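Note sheet for the following structure.
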Amino acid sequence: MRILVVIPAAGSGTRFGGDIPKQFRPLQGKPVLQHVVERFLVHEDVARIMVAVTEKLLTVVAQNESDRVRFTAGGETRLDSVMSAFTAAGDDGYDIVAVHDAVRPFFFDATFIEAVSTAAEFGAAMPGIPIIDTLHAVRNEFIDTTFDVSSLVLAQTPQCFRYEVLRDVLYKAAAEHERGTDEAGLAARFGVKVKLIPGDPMNFKITHPDDLAVAEAIMARWGQQGAQP
Ligand code: CTP
Ligand code: MG
């Protein structure tokens, strides 16, 4: 099995704020992105990790064609960055592509493994978690309607696809100028069956500064235990 991992890391982190984008902020002394890359590198089936970063950053990275981790220029949107990294990786006999946010350092190995095997069997897989809070639609600052959340899930990554499945979805999205905030949703819109696998609240996306403080606490706990729970 040959797996390509695509990591969009070209965002500016406007909600997080500050001068350094959140994916490069230190977490236990190491950039968040590095934690994420290392979590994938331990898997032997991962043949290549293609990271999309800003063009400016690309000029300061030295890299060889043979490196397992490679960097390429991202784009305006997350989808553009994924597209760019996917294209830069080329068709090198990959069976599965995993797309993972640069700012989710706490995915479980088991989740990745299950997403890969589910994608191999069904074509596409996405980890998701149920919504535990009540969800209202608000209009003019007053509650309009309340949703039945029983069939709703929050999307997480790594989202995995058979190589050809994601290739077709990305090219179709480009051709039809489709926008989407994740590839699983885009795939589903194009008629691909995306199988849900269990995600975990621990696999949250670092979005605001407080999330990094939570991440530090989790890292410290994992460090003490010697491994993830
Ligand atoms: N991303 C990207 N290229 C973009 C926008 C986002 O590669 N043009 C990446 C981010 O770096 C991140 C992932 O997509 O790893 C998820 O996006 P998000 O959490 O929204 O990050 P940002 O877009 O950077 O943050 P914000 O929306 O607060 O500006
Ligand atoms: Mg964003």
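The values are calculated or read from the model by the stated rules, or taken from the named source; none is laboratory data. All figures in this text were calculated on a predicted structure; none of them were measured in a lab. Every residue, glycine as well, gets a Cβ built from its backbone with ideal geometry; the counts of neighbours run over all protein chains shown. These area figures cover heavy atoms from the full protein model, side chains too; ligands, DNA and RNA do not enter into them. Shrake-Rupley method; radii C 1.70, N 1.55, O 1.52, S 1.80 Å.
Across the chain, C-alpha contacts under 8 Å between residues 6 or more apart give a mean separation that, scaled by the residue count, equals a relative contact order of 23 percent.
The heavy atoms of Lys30 present about 60 square angstrom of accessible area, all protein chains included, probe 1.4 Å.
Using the alpha carbons of segment 103-229, what is the convex hull volume per residue in cubic angstrom, as a whole number?
151
Assuming charge only on the beta carbon of Lys and Arg (+1) and of Asp and Glu (-1), the dipole of segment 8-52 about its Cα centre is about 200 debye to the nearest 20.
Between rounded, prolate and oblate, where does segment 1-54 land on the alpha carbon gyration tensor, with a ≥ b ≥ c its root eigenvalues, rounded for a/c under 1.5, else prolate if a/b exceeds b/c? In terms of gyration-tensor shape, oblate. Between the amide H of Arg48 and those of Ile3, Val5, distances stay under 5 Å, these residues lying 5 or more places away or on another chain, with hydrogens modeled in the peptide plane. Contact order for segment 146-229, expressed relative to its length and based on alpha carbon pairs under 8 Å spaced 6+ residues apart, stands at 20 percent. The DSSP beta bridges internal to the chain are antiparallel in roughly 45% of cases. Between Phe86, Val192, Pro127, the Cα set farthest toward the positive side of the dipole of the chain (charges on each charged residue's Cβ, about the Cα centre) is that of Phe86. When you restrict to C-alpha pairs under 8 Å that are six or more residues apart and normalise by the size of segment 1-136, the relative contact order lands at 32 percent.
Placing +1 on the Cβ of every Lys and Arg and -1 on the Cβ of every Asp and Glu, with no other charges, gives the chain a dipole of roughly 220 debye about its Cα centre.
With the full set of protein chains in place, find how many percent of the accessible area of the chain is carbon and sulfur; take the probe as 1.4 Å.
54
Legend: translational diffusion of the chain by Stokes-Einstein, Rh = Kirkwood radius over C-alpha pairs, 4 °C, 1.567 mPa s; D = 71 µm²/s.
Measuring how big segment 141-210 is from its alpha-carbon positions, Rg and Dmax come out at 15.3, 46 Å.
The magnitude of the dipole of segment 73-141, with charges of +1 and -1 set on the Cβ of Lys/Arg and Asp/Glu and taken from the Cα centre, is near 240 debye. Projecting the Cα atoms of Val116, Gly75, His177 onto the dipole axis of the chain, where Lys and Arg carry +1 and Asp and Glu carry -1 at the beta carbon, places Gly75 farthest toward the positive end. Based on protein heavy atoms only, segment 75-152 ends up with 51 Å² per residue of surface accessible to a 1.4 Å probe. Long hydrophobic helices in the chain, taken as whole DSSP H segments with a C-alpha length of 15 Å or more on their own axis and mean Kyte-Doolittle hydropathy at least -0.5: 78-89, 109-122, 163-175, 209-225.
Surface calculation, 1.4 Å probe, protein heavy atoms: Ile143 sits at approximately 110 Å² accessible.
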